[in-house]
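**Student:** I have a structure here, written as structure tokens, and I will follow up with some questions on it.
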Amino acid sequence: MERYRNRDSGVKAYQISTNHILVKFDSFKTYKYSYKKAGQFKVEKMKMLAVRGKGLNSFINRYAKYSYD
């Protein structure tokens, strides 16, 4: 997993795959957000935010909080 750049975020690390993203939170729990459950648009947005290092936690809380597999 890659460490998330924003150290003040609830997100600690992420791993990008073709059709999903794994997100590790400061609670040390890891959640999988996939095309199947969260949808392609949300997953691709999360991938972009993860790489950018900003806004991922906020996006998940607003739009994908319970859309994990």
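Quick note: the coordinates plus some simple rules give every number you see, no bench work behind them. As the structure is a computational prediction, the values presented were derived from the model and not from experiment. So basically every Cβ, Gly included, is an ideal-geometry build from the backbone, and we count neighbours across all protein chains shown.
**Student:** Between V51, V11, V23, find the one with the highest GNM mean-square fluctuation for the chain; connect C-alpha pairs within less than 10 Å.
**Tutor:** V51
**Student:** Please give, to one decimal in nm, the separation of the simple spin-label points placed at K54 and Q40, each 7 Å out from Cα toward the Cβ.
**Tutor:** For K54 paired with Q40, the spin-label model returns 2.9 nm.
**Student:** Just from its helices, what would the mean residue ellipticity at 222 nm be for the chain, if runs of 4 or more DSSP H residues each count -39500 (n - 2.57) and the sum is divided by every residue, rounded to the nearest 500 deg cm²/dmol?
**Tutor:** Mean residue ellipticity at 222 nm (helix-derived): -7000 deg cm²/dmol.
**Student:** If you keep only loop residues by DSSP, which trypsin sites (Lys or Arg not before Pro) in the stretch 1-55 have at most 16 other Cβ atoms within 10 Å of their Cβ?
**Tutor:** Answer in residue order: R5, R7, K29, K36, K37, K54.
**Student:** Which of the chymotrypsin sites (Phe, Trp or Tyr not before Pro) found in the chain are loop residues per DSSP with 15 or fewer other Cβ atoms within 10 Å of their Cβ?
**Tutor:** Answer in residue order: F28, Y35, Y66.
**Student:** Among the aspartates and glutamates, which have Cα under 13 Å from the Cα of K12 when same-chain residues fewer than 8 positions away are ignored?
**Tutor:** E2, D26
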